[in-house]
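Read the structure below first, then the notes.
The values are calculated or read from the model by the stated rules, or taken from the named source; none is laboratory data. As the structure is a prediction and not an experimental result, all values here were calculated from the model. Virtual Cβ from ideal backbone geometry, glycine too; neighbours counted across all protein chains shown. Each accessible area value is taken on the protein alone, full model and side chains, heavy atoms only, with ligands, DNA and RNA left out. Shrake-Rupley method; radii C 1.70, N 1.55, O 1.52, S 1.80 Å.
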Amino acid sequence: MQRLDKLLSEAGVASRRELKGILRAGRVTVNGATVTRGEEKFDEQTARITLDGAPVELRRTVLLMLHKPAGFVTSTDEPGSRTVMELLPERWRRLGALPVGRLDKDTEGLLLFTNDGQLAHRLISPKSEVWKVYYAEHEGAAQEADVEAFAQGVTLADGTQCLPARLRPIADGKCHVDVQEGKYHQVRRMLASRGLPVTYLKRVQFGALELGDLPRGEVREVDPVIFTEV
């Protein structure tokens, strides 16, 4: 059993403060009866709630994909910087959707959001073996020795040991990099360690989910079932 105002705020209807006026105005019904007090409790599994006659969808697991532009930091709040939360519509923020892992400020591409903490942990944990695919443009040309070094696990300049990864050259100065972890600036540092400094980086795939033609700065809801086996 949950308080009605809690159910409504978690459903993204309005803030707790705004809900007081909405309820007093008699705009909410539960199981066919008007309810004006937010402290009344109901079973979230069976309650049929409407607002102004329209059904209210109660809180559920939300999974979203954003085509992150460069120039935004992956943070919920960072003074002096634009954050990815600015790109998330209010309805999703009210449902508690937060970034899954992070993309560097200058990196573009697929960034996930969810309000399910356990799902987020599974998606970013190397133990789950979820591959993240990046498209990179870089100086120089990747050689077979670089491909082998990635497959063995690159050691970064500060001694950090990376898990085995995939380096897939596309053409001189262009490649795909597949990793299962997300260390700080990892893909950029891995390529730099092989004398291939990055000039452009974009994440194009997260597990089975591809960025596709989603426009830069846009958000799309994704069925969480795509990661049920993670």
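Some observations on this one:
- Binned Cα-Cα distances of region 182-223, short to long, each 5 Å bin given as a whole percent: 5, 15, 23, 19, 16, 13, 6, 2
- The distance between label points at H121 and E86 comes to 3.2 nm (points 7 Å beyond Cα on the Cα→Cβ vector).
- Calculated on the Cα set of region 58-149, radius of gyration then Dmax: 15.8, 53 Å.
- Proximal charge balance of L123 [Cβ under 10 Å; K/R count +1, D/E count -1]: +1
- Label reach from R17 (point 7 Å along Cα→C-beta): in region 31-60, amide nitrogens under 19 Å belong to 38-39.
- Heavy-atom surface of the chain, accessible at 1.4 Å and reported per residue (Å²): 52
- Proximal aspartates and glutamates to K6, defined as alpha-carbon separation beneath 14 angstrom and excluding residues fewer than eight positions away on the same chain: E18, E39, E40, D43, E44, E57
- Net charge of the neighbourhood of G71, taken over other residues with C-beta under 13 Å away and scored Lys/Arg +1, Asp/Glu -1, is -1.
- Bridgeable lysines around K202 (alpha carbons under 22 Å apart, same-chain partners fewer than 8 residues away excluded): K68, K105, K132, K174, K183.
- Measuring nothing but protein heavy atoms, the accessible surface of the chain at 1.4 Å probe radius is 47 percent carbon and sulfur.
- Relative contact order computed over region 5-113 (Cα-Cα under 8 Å; 6+ residues apart), in percent: 27
- A full extension of the chain between R24 and E181 corresponds to an added length of 51.5 nm, given 0.36 nm per residue minus the alpha carbon distance.
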